[in-house]
Amino acid sequence: MQSLIKGFSKLSREEKIKVLAEQQQLAPEIAASFEAFLHPEQQHLFNDISENIISNFYLPFSLAPNFLINETLYMVPMVIEESSVVAAASKAAGFWAKNGGFQTRVISTTKNGQLFFNWQGNINALNERKKEIEDLILTATATITSKMRQRGGGITGIEFEKVPNIVDIYQALIKFQTADSMGANFINTCLETIGPELMAYINQHPQLKQEHEASVIMAILSNYTPECLVECKISCSIEQLRPYAGSYTPKEFAKRFKTAVDIAMNDPYRAVTHNKGIFNGIDAVVLATGNDFRAIEAGAQAYASRNGRYASLTNIELRDEQFKYTLTVPLALGTVGGLTNNHPMAKAAMHILQQPSAEQLMQVAAAAGMANNFAAVASLVTTGIQKGHMKLHLSNILNAFGADEAEKAAATKHFKDSVVSYTMVANFLNTIRR
Ligand code: MEV
């Protein structure tokens with residue numbers, strides 16, 4: 001067994017690579033790519049983002065134009081590795097721009113913090129003193145919330161709940177508004193300040209104190225944000241769907257589309273893939289703007305199960321010859337703080353989006369999710385996904401086989417009207433290389 005490495009984080013970048021090279025054969029091209037992918041002028045920015053950095057990992061930064069969202073046109077920056085996503089989003093955005101655009105609205109922006117504590121009392125005794133406790137926590141956090149309050153945010157409420165199935169464990173569920181920031185640090189700082197104050201209050205109060213002192217177990221924001229919700233709607237007459245209908249009539253297409261959405265409503269296996277198509281768009285915007293995609297995914301996937309069963313995040317209605325399609329999704333996004341202002345490309349994305357507020361960004365991300373989902377489901381119920389998908393994937397496959405420009409041109413021509421697969425591209429290259 002190899003020995004454990006001590007003090008790795010304290011080594012320089014070059015020393016870290018040397019340790020790696022001592023542990024395993026490091027092919028010269030791998031070592032070279034660590035150097036090649038360093039930023040020539042601004043590496044210091046990336047060196048401060050994480051730990052043990054030996055290089056950078058590039059992903060494409062793309063633009064999806066023609067997103068008409070509530071009468072405003074956006075070019076949407078998207079960072080994603082999957083080749084067909086930006087093309088599908090752009091095509092759908094262009095179509096919807098001519099058919100009413102994306103109608104979006106933020107339903108709510110509340111975020112939650114959780115303070116778990118050990119206590120042997122009765123929850124009613126806490127709830128009876130909620131007003132007094134609210135005053136206590138507002139006073140205890142007055143200094144740290146002052147800037148946030150100036151921006152319209154702050155602590156907006158507190159609920160006490162017993163954690164089910166665990167003896168003597170309670171939570172204070174604290175509600176926050178965090179204005180244009182995602183708010184994780186703000187919420188966590190507040191919670192860690194509130195914890196000792198609340199415990200002292202309980203332990204000194206004649207009606208609340210118990211034989212064993214109340215004590216904090218942990219305090220952290222919740223990434224489940226069902227009250228930080230955005231809605232995105234697209235609607236048009238069924239006849240207007242003709243460009244997506246393929247060989248079907250618009251009416252047949254709309255019915256097939258509805259059946260696909262109904263399936264995603266009722267079958268969790270399909271619902272996950274259906275929602276994944278939504279997150280192709282959302283995650284790409286979340287990444288481009290330097291937001292926390294794990295938080296967004298965790299919260300929204302949980303929201304998809306809010307009725308006790310994982311289901312589609314979209315809803316469809318076909319009535320009176322009209323197609324109405326709605327996405328509702330929790331998106332706790334920020335446009336200030338964190339990486340949004342530190343990463344040069346996240347800054348560029350914010351610039352492209354005309355310095356949006358958090359609420360505007362929620363709406364843009366939802367529209368991108370809607371565009372990708374609409375495009376995916378439309379393909380699935382007409383031509384199938386592989387036609388468009390693998391065509392765009394062709395250049396990736398060609399790159400993987402080290403094809404030169406002449407080979408790429410020949411392959412593009414050859415696969416223009418035929419199915420693309422790794423094997424078929426390999427065979428084609430072998431033939432022309434022979
Ligand atoms: C692929 O990245 C996304 C799709 O699978 C989404 C869907 O099936 O709806 C095409």
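The values are calculated or read from the model by the stated rules, or taken from the named source; none is laboratory data. All of these numbers come straight from a predicted model, not from anything done at the bench. Neighbour counts run over all protein chains shown; Cβ positions are idealised from the backbone, glycine included. The protein model used for the area step is the full one, side chains on, heavy atoms only, and it has no ligands, DNA or RNA in it. Shrake-Rupley method; radii C 1.70, N 1.55, O 1.52, S 1.80 Å.
Using label points projected 7 Å from each Cα along Cα→Cβ, tell me how many nm separate residue 110 and residue 43, to one decimal.
4.9 nm
Using a 1.4 Å probe and counting only protein heavy atoms, arrange 273, 72 so the residue with the most accessible area comes first.
273, 72
Quote the charge dipole size of the chain about the Cα centre in Debye, to the nearest 20; the model charges only the Cβ of Lys and Arg (+1) and of Asp and Glu (-1).
On the way: 39 positive and 40 negative charges, 248 e Å.
Once rounded to the nearest 20, the dipole reads 1200 debye.
Taking 1 over the mean of 1/r across every pair of different Cα atoms in region 8-47, what Kirkwood radius in Å do you get? Spell out each step's value before the answer.
On the way: mean 1/r = 0.0893 Å⁻¹.
Mean inverse Cα-Cα distance, inverted, gives 11.2 Å.
May I ask you to derive the relative contact order of region 285-434, considering only C-alpha pairs under 8 Å and at least 6 residues apart, and to give it as an integer percent?
18 percent
Obtain the nm distance between the two label points defined at residue 255 and residue 396 by a simple spin-label model: each point lies 7 Å from its Cα along the Cα-to-C-beta direction.
It is 3.6 nm.
What does the C-alpha gyration tensor say about the overall shape of region 389-433? Classify as rounded when a/c is under 1.5, otherwise prolate if a/b is larger than b/c, or oblate.
In terms of gyration-tensor shape, rounded.
Which value, in Å², gives the accessible area per residue of the chain when a 1.4 Å probe is used on the protein heavy atoms?
Solvent-accessible surface per residue comes out at 52 Å².
Need one value: the accessible area of residue 351 in square angstrom, 1.4 angstrom probe, rounded to the nearest 10.
For residue 351, solvent-accessible area is about 130 Å².
Could you compute the FRET efficiency for residue 175 and residue 25, with r as their C-beta to C-beta distance and R0 at 60 Å, rounded to 0.05?
For residue 175 and residue 25, the calculated efficiency is 0.65.
In whole Å, what is the distance between the alpha-carbon centres of region 351-372 and region 42-88?
When both Cα centres are located, 13 Å separates them.
Give me the number: length gained by fully extending residue 307 to residue 10, i.e. 0.36 nm times residue separation minus the C-alpha to C-alpha distance, one decimal in nm.
102.1 nm
Expected output is a single nm value to one decimal: the length gained when fully extending between residue 217 and residue 73, i.e. 0.36 nm times separation in residues minus the C-alpha distance. What is it?
47.0 nm
Which value in nm describes the separation of the simple spin-label points at residue 142 and residue 422, placed 7 Å from the Cα toward the beta carbon?
Placing both labels 7 Å along Cα→Cβ, they lie 6.4 nm apart.
For an R0 of 22 angstrom, estimate the FRET efficiency from the Cβ-Cβ distance between residue 99 and residue 383 and round to the nearest 0.05.
0.60
Stretched out fully, how many nm does the piece from residue 57 to residue 205 gain, at 0.36 nm a residue minus the Cα gap?
47.8 nm
Accessible surface of residue 407 in the full protein assembly, 1.4 angstrom probe, to the nearest 10 Å²?
30 Å²
Let me check the size of the chain from its C-alpha atoms; what are the radius of gyration and Dmax in Å?
26.1, 90
Place a +1 charge on the Cβ of each Lys and Arg in region 1-151 and a -1 charge on the Cβ of each Asp and Glu, then give the dipole magnitude about the Cα centre in debye, rounded to the nearest 20.
That gives a dipole near 640 debye.
Protein chains only, probe 1.4 Å: how do 145, 383 rank by accessible area, largest first?
I get 383, 145, largest accessible area first.
Say a paramagnetic label sat at a point 7 Å from the Cα of residue 342, along Cα to Cβ; which residues of region 283-315 have their backbone N under 14 Å from it?
Taking a point 7 Å out along Cα→Cβ of residue 342, the residues of region 283-315 whose backbone N falls under 14 Å are 290-292.
Could you state the angle between the C-alpha long axis of helix 250-266 and the longest principal axis of the C-alpha atoms of the chain, as a value from 0 to 90 degrees rounded to the nearest 10?
40 degrees
What order do 144, 397 take when sorted by accessible area (1.4 Å probe), most exposed first?
Details: 144 65, 397 0 Å².
From most accessible down to least: 144, 397.
Compute the whole-percent fraction of alpha carbon pairs in region 1-157 spaced more than 23 Å apart.
Distances greater than 23 Å cover 70 percent of the Cα pairs.
Which whole-angstrom value gives the distance between the alpha carbon centres of region 204-219 and region 147-192?
Distance between centres, Cα-based: 19 Å.
Could you pull out the trypsin sites (Lys or Arg not before Pro) across region 126-194 that fall in loop regions by DSSP (anything but H, G, I, E, B) with no more than 13 other Cβ atoms inside 10 Å?
151
Note the angle between two axes, namely the Cα long axis of helix 184-204 and the longest principal axis of the Cα atoms of the chain, as a number of degrees from 0 to 90, rounded to the nearest 10.
Between the helix axis and the principal axis of the chain, the angle is about 20 degrees.
Answer with one residue from 146, 246, 360: the one whose Cα lies farthest towards the positive end of the charge dipole of the chain, charges on Cβ with Lys, Arg +1 and Asp, Glu -1.
Of the candidates, 246 comes out farthest on the positive side.
Roughly how many debye, to the nearest 20, is the charge dipole of region 313-406 about its Cα centre, given +1 on each Lys and Arg Cβ, -1 on each Asp and Glu Cβ, and no other charges?
The calculation lands at about 80 debye.
Could you tell me how many degrees, from 0 to 90 and to the nearest 10, lie between the Cα long axis of helix 83-97 and the main elongation axis, the longest principal axis, of the Cα atoms of the chain?
Compared with the principal axis, the helix lies near 80 degrees.
Using only protein heavy atoms and a 1.4 Å probe, report how much of residue 34 is accessible, in Å² to the nearest 10.
Around 40 Å² of this residue is reachable by solvent.
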